[in-house]
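Engineer: So that we are looking at the same thing, I have put the structure below in structure tokens.
The values are calculated or read from the model by the stated rules, or taken from the named source; none is laboratory data. Since this is a predicted model, take the numbers as computed values, not measurements. Using ideal geometry, Cβ is built from the backbone for each residue, glycine included, and neighbour counts are taken over all protein chains shown. Note: accessible area is taken over every heavy atom of the protein model, side chains too, but ligands, DNA and RNA are not part of it. Shrake-Rupley method; radii C 1.70, N 1.55, O 1.52, S 1.80 Å.
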Amino acid sequence: GRRMDAFADSQAPLPLPADPAAAERVVASLGKDALGTLAPLVAAAAGNSPFLAQALLRQSALLPALRHGGPDPVLSATVAGAAGVGAEADSLPALMQALRDHKLAAATIIALADIAGWPTQKVVAALSAFADAAIGAAVTFLLRDAVRGGQLSDAPSGFVVLAMGKLGARELNYSSDIDLIVLWDQDRVRLGN
């Protein structure tokens, strides 16, 4: 395989598709001409991962920006979008759906960049940055909701969320769970009734 210049920091070759038929189906569905230089990368991803095959089809709107600008600016916009969801969502189900949508976009972008040759350190930093943004959005929403419900005053909430383990070290991998510690100021926050 060949590397995609907009994606890779190394000369890593692309893996051959284990399922060439799946690779061909996804590339054909997305349009080989529209994919241009991304076609071999999309084939490598779709032909080796059923999850990525579906993700690529669902996230096809990202592909023109990825083709022209590479993963860094598209991922930055996705992380920023996820971070802003907590201030925008009007309900918990809306927050959850928006975070799922951003997560699928981030996973697709990061996986393509990983396959194309991003160094491991960059991959784990990107996964960690997205997780941090998603947690921040969830906390923002929950604090806003608590203020609306009268459980908290508007100014400093007294809550602190610390990331431990792999997230704390900014070393998340694709299957990492996250370990969080939530601390609060007992003079500001009364838990329970």
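Engineer: Helix by helix, which DSSP H runs in the chain go 20 Å or more along their axis at the Cα atoms and have an average Kyte-Doolittle hydropathy of 0.0 or more?
Structural biologist: Working: long enough: 71-88 (25 Å, 0.69); 92-116 (36 Å, 0.98); 120-148 (42 Å, 0.98).
Membrane-span-like by this rule: 71-88, 92-116, 120-148.
Engineer: Oh, and also: Stokes-Einstein at 20 °C, 1.002 mPa s, Kirkwood radius from Cα pairs: D for the range 48-105 in µm² s⁻¹? Spell out each step's value before the answer.
Structural biologist: Details: Rh = 12.4 Å.
So the translational diffusion coefficient is about 173 µm²/s.
Engineer: Cα atoms only, the range 12-77: Rg and Dmax in Å?
Structural biologist: 11.2, 32
Engineer: Rounded to the nearest percent, how much of the accessible area of the chain (1.4 Å probe, protein heavy atoms only) is carbon and sulfur?
Structural biologist: Working: 6030 of 10560 Å².
In the chain, the share of accessible area belonging to carbon and sulfur is 57 percent.
Engineer: Determine the per residue accessible area of the chain with all protein chains present and a 1.4 angstrom probe, expressed in square angstrom. Display every interim value, and only then the final one.
Structural biologist: Details: 10560 Å² over 193 residues.
Per-residue accessible area for the chain comes out at 55 Å².
Engineer: Using only the alpha carbon atoms of the range 78-193, find the Kirkwood hydrodynamic radius as the inverse mean reciprocal pair distance, in angstroms to one decimal. Let's see the in-between values first.
Structural biologist: On the way: mean 1/r = 0.0650 Å⁻¹.
Here the Kirkwood hydrodynamic radius works out to 15.4 Å.
Engineer: If Ile181, Ile110, Ile135 are ordered by their accessible area, calculated over protein heavy atoms with a 1.4 Å probe, which sequence runs from highest to lowest? Please report the intermediate quantities before stating the final value.
Structural biologist: Working: Ile181 65, Ile110 0, Ile135 35 Å².
Largest accessible area first, the residues go Ile181, Ile135, Ile110.
Engineer: Excluding same-chain residues fewer than 8 positions from Lys122, which lysines have a Cα within less than 16 Å of its Cα?
Structural biologist: Lys166
Engineer: Please list Leu127, Leu66, Leu180 from largest to smallest accessible area, probe radius 1.4 Å, with all protein chains kept in place.
Structural biologist: Values: Leu127 25, Leu66 0, Leu180 75 Å².
Most to least solvent-accessible, the answer reads Leu180, Leu127, Leu66.
Engineer: For the range 1-132, I need the span (max minus min coordinate) of the C-alpha atoms along each principal axis, in Å, sorted largest to smallest.
Structural biologist: 44, 30, 24
Engineer: Considering only the other residues whose Cβ falls under 14 Å of the Cβ of Asp154, what net charge follows from Lys and Arg at +1 and Asp and Glu at -1?
Structural biologist: Values: positive: Arg144, Arg148, Arg188; negative: Asp145.
Counting the neighbours of Asp154, the net charge comes to +2.
Engineer: Oh, and also: Sorted by accessible area with a 1.4 angstrom probe, largest first, how do Lys122, Lys166, Lys32 fall?
Structural biologist: On the way: Lys122 60, Lys166 100, Lys32 135 Å².
Most to least solvent-accessible, the answer reads Lys32, Lys166, Lys122.
Engineer: Where does the chain land at 222 nm, in deg cm²/dmol rounded to the nearest 500, when only DSSP H runs of n ≥ 4 count, each adding -39500 (n - 2.57), divided by all residues?
Structural biologist: Values: 9 runs with 115 residues, N = 193.
So the helix-based figure for the chain works out to -19000 deg cm²/dmol.
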